[in-house]
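The values are calculated or read from the model by the stated rules, or taken from the named source; none is laboratory data. Here the structure is a predicted model, which is why all the values come from computation and not from measurement. Please note: Cβ atoms are built from the backbone with ideal geometry, for glycine as well, and neighbour counts cover all protein chains shown.
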Amino acid sequence: MKTLFIYLSLLVITIQSVSCDHSGNIDSTPNQIATSGSWRVTLYSDSGNDETTDFVGYTFTFNTNGILSAIKNGITVNGSWSVSSSSNKFNIDLGPKIASNLPLGELTDDWKIISTSATEIKLTDDNAASNEFLTFTKN
């Protein structure tokens, strides 16, 4: 009877650890994914307008020290990035949204994480009324 109880206890523990929701790990998983290589924008949609072509030629690198580099034609623009596990946000700061900083300033926002995988990071604006979507795909 003791042996059966031990086996059942181990089974329950195993099932709980396998089926556990990893949402509490939101801070490390997107960080690990983002810092695993270089990325390109494969979707940027603002208020229903597809503006993805504004980012053609840019390569984005999310460094472990919180520095975000956007490189195009040998010119590097640095900004910052972070992930907030408590609010499920992917924060990007590439400067203000002004004409002299377009298009990179358009990415400055507190993005809500829709999903992450080893090759894709899908985000939406934390203000649903703005109807903005951003997807990074690994190079």
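In the stretch 53-77, the residue that is surrounded by the fewest Cβ atoms within 10 Å (Cβ to Cβ) out of those that are polar (S, T, N, Q) and within 17 Å of the chain's Cα centre (by Cα) is Asn65.
Considering only the stretch 111-119, I want to know if a residue exists there that is out of contact with any Pro (no Cβ under 7 Å at 6 or more places or on another chain), β-branched (Val, Ile, Thr) and either crowded, with 16+ Cβ neighbours inside 10 Å or part of a strand (DSSP E or B) (or both).
Within the stretch 111-119, the subset out of contact with any Pro (no Cβ under 7 Å at 6 or more places or on another chain) is 111-112, 114-115, 117-119.
Still in the running and β-branched (Val, Ile, Thr): 114, 119.
Next, only the ones that are either crowded, with 16+ Cβ neighbours inside 10 Å or part of a strand (DSSP E or B) (or both) stay: 114.
Within the stretch 111-119, one or more residues are out of contact with any Pro (no Cβ under 7 Å at 6 or more places or on another chain), β-branched (Val, Ile, Thr) and either crowded, with 16+ Cβ neighbours inside 10 Å or part of a strand (DSSP E or B) (or both).
Have a look at Lys97, Lys138, Lys122 and point out the one that is touching a helix residue (DSSP H, G or I) at 6+ places or on another chain (Cβ under 9 Å), surrounded by 14 or more Cβ atoms within 10 Å (Cβ to Cβ) and at pLDDT 95 or above.
Numbers: Lys97 fails: at pLDDT 95 or above; Lys122 fails: touching a helix residue (DSSP H, G or I) at 6+ places or on another chain (Cβ under 9 Å).
Step by step, each of Lys97, Lys138, Lys122 is checked, and only Lys138 is touching a helix residue (DSSP H, G or I) at 6+ places or on another chain (Cβ under 9 Å), surrounded by 14 or more Cβ atoms within 10 Å (Cβ to Cβ) and at pLDDT 95 or above.
Can you find a residue that is outside any helix (DSSP H, G or I) and charged (D, E, K, R) anywhere in the stretch 54-64? So far as the stretch 54-64 goes, no, none of its residues is outside any helix (DSSP H, G or I) and charged (D, E, K, R).
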